[in-house]
Amino acid sequence: MKKNRETGNVKNAANFEDLISFCEGYKTAYQPSNAQFELTALQTLLLEARTKMDELNTAITDFNNATNERAILFQPLRKLSTRIVNALEVSGATALTVANAKAILRKIQGRRAPTHIHLLVQEPVAEGTPQPVPTSKEISAAQTGYDNQTEHLARLISTLHAEPLYTPNETELTPTKLSAMLTAIKAANTAVIAKATALSNARIARNKIMYDSDTGIHHIALEIKKYIKSVFGTNSPEYRQVSRIKFTRARF
């Protein structure tokens, strides 16, 4: 659906250029009293529309690049977290610490806890609020979004930092290396949010110049058709030229 909308916007801009060309062809017969319909104003509007469309395309590319870069950072997380918990389990850490780590791992993997096991990890709540005792049924297995995964990784790293026996020789499993990974992931999340905001703003700007009820290309094009009909007549070849040019209004 979104692809069709974008195609419709491109077509509207192209058709507006065709409309301008016909207006130019009428030479001195085209003398609108409305300054918005003057040829120079129409050319300026078309140029601005194409600029906004280009800016939107750039914003789309930037957003896609940011989301791709974030996905690359998250890609090894599930396998890596399994290795982390395995290393913790053989480090001599207590059964309680290992159970907590496995509970976090299940969330990273998107798996439910066995029904006979009560999770030992509590969800953080606002300061001063009593901590509830969670049950396995209250913990959703679908906590695999980027924000949730970031939080799960942070909690797993916190568990490792608190365990003095966790001293793996594998560099990629050390708390220091994992903390650096977490920092990069948080930065990637922030970048995606920023690019999403820029993309939304660029789309708003494009939509405004294309579909504003008073100054947008869609409105101006329909008004120009009315003007040409008033100048040359409903059955004139001039009006038939422009009446065939279609302008669609996108649904937002």
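The values are calculated or read from the model by the stated rules, or taken from the named source; none is laboratory data. None of the values given here were measured: they were computed from a predicted structure. Note: accessible area is taken over every heavy atom of the protein model, side chains too, but ligands, DNA and RNA are not part of it. Shrake-Rupley method; radii C 1.70, N 1.55, O 1.52, S 1.80 Å.
On the protein heavy atoms, probe 1.4 angstrom, tell me the percent of accessible surface of the range 194-250 carried by carbon and sulfur.
Working: 1590 of 3050 Å².
That share works out to 52 percent.
The convex hull defined by the C-alpha atoms of the range 143-252 has an orientation-averaged projected area of 11.3 nm².
In the structure displayed, which of K52/K246; K11/K186; K52/K107; K11/K195 lie more than 32 Å apart, Cα to Cα?
Details: K52/K246 21 Å; K11/K186 40 Å; K52/K107 42 Å; K11/K195 26 Å.
Over 32 Å Cα-Cα: K11/K186; K52/K107.
Want the number for A41 to T190: 0.36 nm per residue separation, take away the alpha-carbon distance, what's left? Show your work: numbers first, answer last.
Numbers: separation 149, 0.36 × 149 = 53.64 nm, distance 4.02 nm.
Full extension from A41 to T190 adds 49.6 nm.
Provide the gained length on full extension for the span S230 to T28, in nm with one decimal, where the gain is 0.36 nm per separating residue minus the Cα-Cα distance.
Values: separation 202, 0.36 × 202 = 72.72 nm, distance 1.52 nm.
Additional length available on full extension: 71.2 nm.
Ignoring ligands, DNA and RNA, how do I108, I209, I193 rank by accessible area with a 1.4 Å probe, largest first?
From most exposed to least exposed: I193, I209, I108.
Per residue, the solvent-accessible area of the range 143-252 (1.4 Å probe, heavy atoms of protein chains only, all protein chains present) comes to 55 Å².
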